[in-house]
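J.: The structure under discussion is supplied below as C-alpha cells; questions concerning it will follow.
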Amino acid sequence: MHGEALIHLSFMPDDVIAVSGSILCNAEAAKVWHSLTDYDHLSDYLPKVVASRVTKRTEDEIILEQTGKTGIFIFEKTVHFRLKLREERGEKVLFEQLDGDFTLYRGEWTIETDAALKGTILSYHAEIKPRFFAPPILVSFVEWQDLPGILKAHKQRAESISEK
C-alpha cells in the first residue's frame, strides 16, 4: 500500500458502479485535508479536472461546479456537474450531484491517520451511473483507470505542502 493506490470496483443493480480507492500519503492529515478541500484549485493538479469552483458556501454545505474529462482513447467526453458537499472537518467530505451528466454520482472522501503505517490514508468511495449511454463495463474500466491518478495527485499535492 505504500504509495500505491488500491482500487475496488463492483457492479450494483440498475447499472450503477461502486468504486472505492485508498492511498497512503506521507503527509499530516491537515495537509491531505488541504489538498482535498482546495476546491477552487483542483483543476491545477488533478488529472482530467478541467474546471472546479465553489459557487456557494454556507456553514452546512458547499456547492461545487466541476467540468472534467472522462472516457478512454477517442471516446473521451467532457462532463459537467454541480455537487453538494458536506464536510466533517478534517475527516470526511460527503458529496452528491445536484444536477449534471450523471443519473447518480454520490459518495465520500475520508481521511484517517494510521500510526502503524506512519502516514495518512486518503480513501474514496462513490456510486456512479452516467446519464449518457456508457455500458457498466466501460464505466468500471474508466474508473479503474482514472481513480489511481486522482489519488496519486492528491498524495503528491499533500506531500509537497508538507515540505513547505
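J.: Being modelled with pLDDT under 80, more than 12 Å from the chain's Cα centre (by Cα), part of a helix (DSSP H, G or I) and closer than 14 Å to residue 35 by Cβ, is that true of even one residue in region 152-162?
T.: Yes: one or more hits.
J.: Could you check, for region 54-74, whether at least one of its residues is within 30 Å of residue 117 (Cα to Cα) and either touching an Asp or Glu at 6+ places or on another chain (Cβ under 8 Å) or modelled with pLDDT of 90 or more (or both)?
T.: No, every residue in region 54-74 fails to be within 30 Å of residue 117 (Cα to Cα) and either touching an Asp or Glu at 6+ places or on another chain (Cβ under 8 Å) or modelled with pLDDT of 90 or more (or both).
J.: Taking region 64-82 only, how many residues are under 19 Å from residue 146 (Cα atoms) and part of a strand (DSSP E or B)?
T.: Matching residues across region 64-82 total 10.
J.: Next up: From the list 58, 110, 70, 103, exactly one residue is over 15 Å from residue 153 (Cα atoms) and in contact (Cβ under 8 Å) with a residue 60 or more places away in the chain. Which is it?
T.: Testing whether each residue is over 15 Å from residue 153 (Cα atoms) and in contact (Cβ under 8 Å) with a residue 60 or more places away in the chain leaves just 70.
J.: Looking at 40, 44 in this structure, which one is outside any strand (DSSP E or B), of a type outside the set (A, V, I, L, M, F, W, C) and touching a strand residue (DSSP E or B) at 6+ places or on another chain (Cβ under 7 Å)?
T.: 40
Each row is one residue, and each column tells you yes or no for (1) in contact (Cβ under 8 Å) with a residue 24 or more places away in the chain; (2) under 23 Å from residue 85 (Cα atoms); (3) buried (at least 19 other Cβ atoms within 10 Å of the Cβ).
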site	(1), (2), (3)
6	no, no, no
10	no, no, no
13	no, no, no
19	yes, yes, yes
23	yes, yes, yes
28	yes, yes, no
34	yes, yes, no
44	no, yes, no
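The values are calculated or read from the model by the stated rules, or taken from the named source; none is laboratory data. Since the model is a prediction, treat every value here as computed from it, not as a measurement. Every residue, glycine as well, gets a Cβ built from its backbone with ideal geometry; the counts of neighbours run over all protein chains shown.
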